[in-house]
Amino acid sequence: MITLDDAIQSVKNLLISWENLFSLPESGDELKAKLAVLNNPQVIIAIIMGVLLIWNVRSKIRESVEESKAFRTLEAPDFPPIEPLENFDWKSTEPPKFRPFKPKYHLTMALETLVPSELIPMDKTFKERLEYRRSLLLEHHDTVIAVNNDTDLRVCAAVSELYTFLLGTYLPGRYPTMFKLHRVNYPSGKTVMLQNLVTEELWPVKLAKEAPTIRALETLIRTVDEDFLILLPEQDDEETAAAGELEEEVAANPREEGGETKYILEAFATGYPAGFDPRKKLGNCLARIHEPVPGYPERLEKSMDRFFDKLEVGKYVKRVNWGITTDAELFSAFGNKVHSSEGEILEAIEPEDLNIDKTFLRCERQTIHRLPSSQALVFGFHTYLYPLQDIKDEGLGEALAQAIDGLKEGSTPEIHLYKRGPVWEKAVKAFLTS
Ligand code: HEM
């Protein structure tokens with residue numbers, strides 16, 4: 001058996017012999033002596049060991065290169081496979097053009113199947129929007145992200161599951177030109193980090209056990225231009241009471257006798273709320289959340305509760321909504337700039353006063369899916385603002401003007417007021433049809 005010391009000694013001998021062997025002989029006798037060295041078994045062993053050593057090092061290097069190529073994503077066998085966009089160039093990718101308006105507005109779920117790989121779209125606005133989102137965290141931290149109860153282990157598990165799927169699997173798997181995983185050896189142990197190649201930021205793909213859940217939501221806001229609301233099934237009254245909830249809150253989220261399980265908003269990371277304050281929605285069921293939406297109890301509540309209760313892991317769906325905004329930011333949590341209600345005093349904008357640079361068709365591409373382990377529902381949305389001039393240039397001015405009239409002619413005419421139609425209708429239609 002050859003020990004390590006033997007091997008080191010052999011390699012040393014090999015190097016000495018090598019040097020002696022290949023330096024130019026000064027005489028015939030020296031040449032003879034050099035050739036004689038090759039008969040020395042120690043030298044032969046040293047040569048063999050040297051070759052083996054080199055071969056071993058080379059195969060280790062090859063293995064680690066192969067491993068780093070294969071290590072593109074964390075395995076997530078319970079999630080659907082994600083197709084990579086190998087050569088995706090976010091800088092030259094235009095935002096998709098959604099034009100979902102119809103001649104008449106009918107309040108329906110209007111859900112379509114979503115290919116799981118298409119969960120989060122990216123485009124050329126990515127970097128500037130991440131900067132905006134970072135500023136929102138500074139200015140409106142508690143409105144942009146919140147957890148209903150961060151001692152509720154179900155909520156922590158749900159946020160952590162979404163976080164690790166997105167950072168460890170979805171983003172590096174779908175957009176390898178934008179996100180890259182690294183294995184890192186810290187003194188505390190090995191970990192996997194996600195590098196955002198656009199911002200150069202590095203994030204651990206798994207939340208440390210002691211890390212507060214809110215940190216994960218902060219990172220989501222900083223990493224993707226996508227908003228998330230996380231819902232969990234309402235717990236039994238007994239469980240809720242045991243958790244020390246107020247009785248009033250239980251009554252606020254009633255479960256129908258024999259009806260579907262209600263879903264409660266337990267956490268959110270929403271940079272672009274369209275006319276609502278997310279904090280006021282936290283801890284509420286879908287019916288309470290949608291209270292300001294006219295027609296919701298009659299036309300949507302039952303089918304939505306049934307749909308959410310039955311939605312299976314692996315089934316992804318999407319829908320797109322639309323509205324017109326005249327003076328709203330992407331972040332519009334305060335100040336009634338997007339929605340209005342019965343009894344509010346509204347002032348119509350005159351056509352000559354319309355600031356067309358601040359007037360947009362605002363669409364949300366909304367997605368819903370269920371997380372396999374925590375069973376939480378994730379409602380995601382990506383907000384797009386389209387200048388009205390674009391709509392007009394596409395020859396769709398008349399169609400949008402008709403859809404604005406159609407808000408009052410469909411299943412729920414009150415939606416016209418809810419979308420603030422009385423404020424912008426006249427001026428926007430005048431612009432679109434001129
Ligand atoms: C199939 C699923 C859903 C449908 C069909 C739906 C439908 C609607 C509709 C029609 C509106 C009125 C504004 C608009 O035109 O979009 C609305 C508003 C809203 N939805 Fe949903 N929704 C769904 C899921 C959710 C989920 C899962 C949440 C998560 C908590 C949510 C939160 C909201 C909020 C916060 C508003 C604004 C309410 C306000 O004005 O205060 N929606 N939804």
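Pairing each residue of the stretch 411-426 that is modelled with pLDDT of 95 or more with any residue that is hydrophobic (A, V, I, L, M, F, W, C) and part of a helix (DSSP H, G or I), provided the two are 6+ apart or on different chains, yields C-beta distances under 7 Å for Gly421/Ile404; Glu425/Ile404. Screening Val155 on (1) within 16 Å of the ligand (Cβ to nearest atom); (2) buried (at least 22 other Cβ atoms within 10 Å of the Cβ); (3) more than 30 Å from Gly295 (Cα to Cα) shows it passes everything except condition (2).
Here is a yes/no grid of residues against (1) at pLDDT below 95; (2) not basic (Lys, Arg):
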{"site": "Ala70", "(1), (2)": "yes, yes"}
{"site": "Asn87", "(1), (2)": "no, yes"}
{"site": "Thr93", "(1), (2)": "no, yes"}
{"site": "Arg99", "(1), (2)": "no, no"}
{"site": "His106", "(1), (2)": "no, yes"}
{"site": "Ala110", "(1), (2)": "no, yes"}
{"site": "Pro121", "(1), (2)": "no, yes"}
{"site": "Thr125", "(1), (2)": "no, yes"}
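Considering only residues in the stretch 101-119 that are surrounded by fewer than 17 Cβ atoms within 10 Å (Cβ to Cβ) and touching a Phe, Trp or Tyr at 6+ places or on another chain (Cβ under 9 Å), the one that is farthest from Glu409 (Cα to Cα) turns out to be Ser117.
The residues on offer are Phe126, Phe98, and the sole one that is within 16 Å of the ligand (Cβ to nearest atom), touching a residue at least 24 places away in the same chain (Cβ under 8 Å) and either surrounded by 14 or more Cβ atoms within 10 Å (Cβ to Cβ) or not assigned by TED's automatic domain parsing to the domain that holds Gly406 (or both) is Phe98.
Remark: Thr93 matches the filter, which requires a residue to be free of Cβ contacts under 8 Å to residues at least 40 places away in the same chain, surrounded by 13 or more Cβ atoms within 10 Å (Cβ to Cβ), of a type outside the set (D, E, K, R) and farther than 15 Å from Glu226 by Cα. Looking only at the stretch 325-332, decide whether some residue is within 30 Å of Asn355 (Cβ to Cβ), near the ligand (Cβ under 9 Å from one of its atoms), crowded, with 19+ Cβ neighbours inside 10 Å and not β-branched (Val, Ile, Thr). Among the residues of the stretch 325-332, not one is within 30 Å of Asn355 (Cβ to Cβ), near the ligand (Cβ under 9 Å from one of its atoms), crowded, with 19+ Cβ neighbours inside 10 Å and not β-branched (Val, Ile, Thr), which makes the answer no. In the condition set (1) farther than 20 Å from Phe101 by Cβ; (2) away from the ligand (no atom under 12 Å from the Cβ), Arg279 is compliant with all but (2).
What about Phe334, is it at pLDDT below 95, under 25 Å from the mean Cα position of the chain (by Cα) and farther than 30 Å from Tyr170 by Cα? Even if it seems obvious, please write down each step before you answer.
Working: at pLDDT below 95: yes; under 25 Å from the mean Cα position of the chain (by Cα): yes; farther than 30 Å from Tyr170 by Cα: yes.
Against the criterion (at pLDDT below 95, under 25 Å from the mean Cα position of the chain (by Cα) and farther than 30 Å from Tyr170 by Cα), Phe334 qualifies.
Screening Glu312, Glu266, Glu352 for residues that are of a type in the set (D, E, K, R), buried (at least 21 other Cβ atoms within 10 Å of the Cβ) and either away from the ligand (no atom under 11 Å from the Cβ) or closer than 24 Å to Arg133 by Cβ (or both) leaves exactly one candidate, Glu266. Which one is surrounded by the most Cβ atoms within 10 Å (Cβ to Cβ), of the residues in the stretch 297-309 that are within 11 Å of the ligand (Cβ to nearest atom) and farther than 21 Å from Ile230 by Cβ? Result: Arg299.
The values are calculated or read from the model by the stated rules, or taken from the named source; none is laboratory data. Owing to the predicted nature of the structure, the values given are computational and were not obtained by experimental measurement. Cβ: placed from backbone, ideal geometry, glycine included. Neighbour counts: every protein chain shown.
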